[in-house]
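Novice: Here you go, one structure.
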Amino acid sequence: MFFRFAAAMALVVLISLCGTALDKEAFALRRRVSQQQYRLEMLTERHARMRAQAQRLGTPVRWLNDLDRHRGPMGRIAQPPASRTARTPLLNWTAPATEPVTR
Amino acid sequence: MTASSASPLLLRRRAGWLVTAVGLAWCLLAGRLIQLQSWQNHELSQRANRQSRVAEEVIPRPGDIYDAQGRLLATTIRTRSLFVVPTEVENRWTFASDIASALSLDANELYARLGQYSEKQFLWIKRRLNESEEERVRELTLPPASWGFREEYQRVYPQGAIAAQVLGLRDIDGIGRGGIEESCDATLRGQPGKRWLTRDARGRVIDVIDDPEQLASPGSDVRLTIDSVLQLYTEQALDDLVRDRQPEACCAIVMHPASGHVLAMASRPTFDPNAPDNVPEDAWKNRAISDIYEPGSTIKPIFVAYGLDRHRLAIDDAFDCEWGRYRMGKRLLHDHHPYGTLNLTDVLVKSSNIGMAKVGERLTNEGLFQSATLFGFGRVTGIELPGEQPGLLHPLDEWTSYSTGSIPMGHEIATTPLQLITAHAVLANGGQHARPRILLTDDAEASALQSLSTPLISREVADWVVQEPMRQVVTRGTGRKAQLDGYIVFGKTGTAQCLSPHGGYLHGKYISSFLCGAPAEQPEILVLVVINQASGSGGETFGGQVAAPVAARILRDALVHQHVSPTVKTAPLATRPGTSRLR
């Protein structure tokens, strides 16, 4: 009689413990999901801020005037010279032939 | 013996009473449980939920706005706003002065507000704090029950003040106001969701569950036809114009005529959407779609093209311009310069009002009205922006004999700048109408729709008007200041007196405009600049003097930016083979 009762109680306690453990696990999983969602939101937010900052730094307002300063006449932009001799201007020191070369 | 014999009986009786009592107690307990679980279950569950669960609206993140090249024009970041619970504030003055010092607010005003709303559970103190303000508030270590932060979305515009009127604003409550923010609000705003917060007995949130039936969905992104670089060129040109000539207002539109895509649209005065508190009152207006004005001479090519297409005119027609004075009924018309006989091209090149009045007599009022309605005057173009005005085109039965002379020279009719450039885009696009668009959508669908539409006028007429009179306006007419090296530019100047809000005209006040495009053989870019009451050096007001240089500068920058090759051919164009049919 006692053993039957004890076995029944043990079964009940075991089931309760299992239920508690499952519940705990479910809560832990939900907490992790919640944390992941929070992280996702934080990352989305950081992404939005960094993208806005990158766009702000790369906005044409900042670089267009500098670019324009180096822009040549329009004709040259669309029709670049067909042949370009790869010469470094600094080394092009040949003196005019009309002048005597003195050393 | 008696005791030992009575004892079991007594014990049994007592045990019986105990069992009965326990049984009754169990029955009562079971009955109560059944009552709670069966009859009162619903009511009690609801009460428990009311006490522990709170529904919260999840505001979706609004969608972003991009330009045609994918540059970010508007995006959203999250900020914190400070609120207090006035009923929980104990020492009101200390509380107010602490917060005021942290947030640079007026302590007396805050104290007064706290007193005014002392019975309330919620009061905004300052919205959209920056990070340092947020930190300073945290360092105050105020009583936790008396204050809190609430997260909100804030719209930021990374490109700065460009295209401000086109973009509009998203107000502090996240509602689009003006521009694309308003017209595409439903797309950009997204779908709000709902979630349930479970609180413990002390009110702390212990669980958050999203409502699966009402999940928040973020707003969709929107892409515009605007090109930020072109927009910036346009805005810089207008800024220089404002600096040099101090006009009352001005605006410019850059359009691709074949697709109707608006590549740039700018107005002055303007504002910085990142500082919405400092917006001048008249800066909100997108003048390119909401200002109506008499277009003056810029409309003349439209009527000429219609007359040619309907065979009421021929390109070799000659018009006696009466040496600058022509009596039309009771009215005496003048030209700015006296001319004798002019051919149709020269009527446009010299912008002769008398010549155009005679064109009007050929077309008659009915023809002029049909022409104006055909090219879209008097009704909105349908661009995806709020606040577009339909212009002003009186019903035909209100037209008089004055109208026959006035309408062809661009009076008695009022248009928006967008209507005018859209009408000219028909000429530049070989007679085909393209609805102006600022939202970049599926190009295949748009081109399919366009291919189904009937041309408003024949291609040869449209090409002739663009490549002959309008080109000669720039080479030898009123628009010579719009000439560009390497490109064949066409254009038309316009100068009209300002309309008075009380009727009639404002004396000495003019609206100067210039419309131009290039290359004339196959126009890729159209530019319209409209300047309201220019002043400054020389006091010039003619469109060819004031607006043409600005329009030409924008056109040049646009052509280079769009990689349109310069046209080496600068000699006058030969008449196309089919053009002879017009004679």
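Read the figures in this text as sums done on the coordinates, not as results from a lab. Keep in mind it's a predicted model, so treat the numbers as computed, not measured. Ideal geometry is used to build each Cβ from the backbone, glycine not excepted, and the neighbour counts take in all protein chains shown.
Novice: Can you give the average number of partner chain beta-carbon atoms within 10 Å of each beta-carbon in peptide B:154-162, as a whole number?
Specialist: Values: counts 0, 0, 6, 4, 10, 7, 5, 1, 3.
Taking the mean over all residues of the peptide, I get 4.
Novice: Follow-up question, since we're still on this one. So what are the radius of gyration and Dmax for the Cα set of the range B:1-64, in Å?
Specialist: Cα-based Rg and Dmax for the range B:1-64 come out at 27.4, 100 Å.
Novice: Ranked highest first by average number of other Cβ atoms within 10 Å, how do B:336-342, B:291-297 line up? List each step's numbers first, then the result.
Specialist: Values: B:336-342: 14.3, B:291-297: 23.4.
Sorting B:336-342, B:291-297 by mean packing, highest first, produces B:291-297, B:336-342.
Novice: Now a separate question. Once Rh is set to the Kirkwood radius over Cα pairs, what Stokes-Einstein translational diffusion coefficient, in µm²/s, holds for the range B:369-508 at a temperature of 37 °C and a viscosity of 0.692 mPa s?
Specialist: Translational diffusion coefficient: 191 µm²/s.
Novice: Please give the calculated 222 nm ellipticity per residue for chain B, where each DSSP H segment of at least 4 residues contributes -39500 (n - 2.57) and the sum is spread over every residue; nearest 500 deg cm²/dmol?
Specialist: On the way: 19 runs with 214 residues, N = 583.
The helix contribution divided over chain B gives -11000 deg cm²/dmol.
Novice: Could you tell me how many degrees, from 0 to 90 and to the nearest 10, lie between the Cα long axis of helix B:228-245 and the main elongation axis, the longest principal axis, of the Cα atoms of chain B?
Specialist: With rounding to tens, the tilt is 60 degrees.
Novice: Averaged over all directions, how much area does the convex hull of the C-alpha atoms of chain B cover when projected, in nm²? Working shown, then result.
Specialist: Details: hull surface 173.2 nm².
The directionally averaged projection comes out at 43.3 nm².
Novice: Further question: With a point put 7 Å past each Cα toward its Cβ, work out how far residue B:21 is from residue A:32 in nm, to one decimal.
Specialist: 5.3
Novice: Taking a quarter of the surface of the convex hull around the Cα atoms of the range B:79-122, what do you get in nm²?
Specialist: Details: hull surface 12.2 nm².
Spelled out: convex hull of the Cα atoms, projected over all directions, averaged, 3.1 nm².
Novice: For chain B, find the longest principal axis of its Cα atoms and tell me its angle to the long axis of helix B:353-374, 0 to 90°, nearest 10.
Specialist: 40
Novice: Fewest Cβ neighbours within 10 Å first, please rank B:139, B:235 accordingly. Numbers along the way, then the final one.
Specialist: On the way: B:139 10, B:235 23.
Result, fewest neighbours first: B:139, B:235.
Novice: Within the set of other residues whose C-beta is less than 14 Å from the C-beta of residue B:361, count the net charge using Lys and Arg as +1 and Asp and Glu as -1. Mind dumping the intermediate values first?
Specialist: Numbers: positive: B:312, B:327, B:331, B:358, B:362; negative: B:317, B:320, B:322, B:366.
Result for the neighbourhood of residue B:361: +1.
Novice: What does the C-alpha gyration tensor say about the overall shape of the range B:194-241? Classify as rounded when a/c is under 1.5, otherwise prolate if a/b is larger than b/c, or oblate.
Specialist: On the way: a/c = 8.94, a/b = 3.18, b/c = 2.81.
Prolate.
Novice: Which of the aspartates and glutamates could a cross-linker span from residue B:358 if the Cα-Cα distance has to be under 19 Å and same-chain partners fewer than 8 positions apart are dropped?
Specialist: B:309, B:316, B:317, B:320, B:322, B:335, B:346, B:366, B:412
Novice: Which of B:323, B:464, B:39 comes first, and how do the rest follow, when ranked by fewest Cβ neighbours within 10 Å?
Specialist: Details: B:323 13, B:464 25, B:39 10.
Going from least to most buried by this count: B:39, B:323, B:464.
Novice: For residue B:225, enumerate residues with amide H under 5 Å from its amide H, sequence gap 5+ or separate chain, H modeled in the peptide plane.
Specialist: Residues meeting the criterion, in which the H sits 1.01 Å from N, are B:439, B:440.
Novice: For a bin width of 10 Å, list the pair-distance distribution of the range B:131-181 built from all Cα-Cα distances, rounded to whole %.
Specialist: Per 10 Å bin, starting at zero, the Cα-Cα P(r) for the range B:131-181 comes out as 20, 33, 23, 18, 5 percent.
Novice: Right, next: Please determine, in degrees from 0 to 90 and to the nearest 10, the orientation of helix B:92-103 with respect to the longest principal axis defined by the Cα atoms of chain B, where the helix direction is its Cα long axis.
Specialist: Rounded to the nearest ten degrees, it is 40.
Novice: OK, next. What is the order of B:478, B:87, fewest Cβ neighbours within 10 Å to most? Intermediate results must be reported in sequence, preceding the final value.
Specialist: On the way: B:478 25, B:87 14.
In order of increasing Cβ crowding within 10 Å: B:87, B:478.
Novice: Follow-up. Write down the Kirkwood hydrodynamic radius of the range B:64-207, to one decimal in angstroms, obtained as one divided by the mean of 1/r over all alpha carbon pairs.
Specialist: Details: mean 1/r = 0.0565 Å⁻¹.
Mean inverse Cα-Cα distance, inverted, gives 17.7 Å.
Novice: For the range B:371-435, which chymotrypsin sites (Phe, Trp or Tyr not before Pro) are in a loop by DSSP, counting at most 11 other Cβ atoms within 10 Å? List each step's numbers first, then the result.
Specialist: Working: sites: B:375, B:377, B:399, B:402; in loops: B:375, B:377, B:399.
Sites meeting the loop and neighbour criteria: none at all.
Novice: Percent of Cα-Cα pairs per 20 Å bin, from 0 to the last occupied bin, for the protein assembly as shown, please list those.
Specialist: Using 20 Å bins, I get a P(r) of 14, 34, 23, 16, 7, 4, 2, 0 for the protein assembly as shown.
Novice: In Å and on Cα atoms, what radius of gyration and Dmax does the range B:261-339 show?
Specialist: Every Cα atom of the range B:261-339 included, Rg and Dmax give 21.1, 59 Å.
Novice: May I pose another question? Note down the relative contact order for chain B as a percent, whole number, built from C-alpha pairs under 8 angstrom at least six residues apart. Present the calculation step by step, with values, prior to reporting the outcome.
Specialist: Numbers: 1176 pairs, mean separation 76.3, N = 583.
Over chain B, the number comes to 13 percent.
Novice: Now, a different point. When all alpha-carbon pairs of the range B:179-318 are counted, what percent fall beyond 23 Å? Could the numbers behind the result be given before it?
Specialist: Values: 5991 of 9730 pairs.
When every Cα pair of the range B:179-318 is considered, 62 percent fall beyond 23 Å.
Novice: Over the range B:174-232, calculate the relative contact order: mean separation of alpha carbon pairs under 8 Å at least 6 apart, over the residue count, as a percent. If you can, show how the numbers build up before the last one.
Specialist: Working: 66 pairs, mean separation 19.3, N = 59.
In percent, rounded to a whole number, it is 33.
Novice: What share of Cα pairs, in percent, lie more than 17 angstrom apart in the range A:4-74? Could the numbers behind the result be given before it?
Specialist: Values: 1785 of 2485 pairs.
I get 72 percent for the Cα pairs in the range A:4-74 exceeding 17 Å.
Novice: Would you calculate the convex hull of the Cα atoms in the range B:1-150 and tell me its volume per residue in Å³? Each step should come with its number before you reach the end.
Specialist: On the way: hull volume 44.0 nm³, N = 150.
Considering the Cα atoms of the range B:1-150, their hull volume per residue is 294 Å³.
Novice: Oh, and also: Hey, got the dipole for chain B? About the Cα centre, +1 on K and R Cβ, -1 on D and E Cβ, debye to the nearest 20?
Specialist: On the way: 61 positive and 66 negative charges, 223 e Å.
Using Cβ point charges on Lys, Arg, Asp and Glu, chain B gives about 1080 debye.
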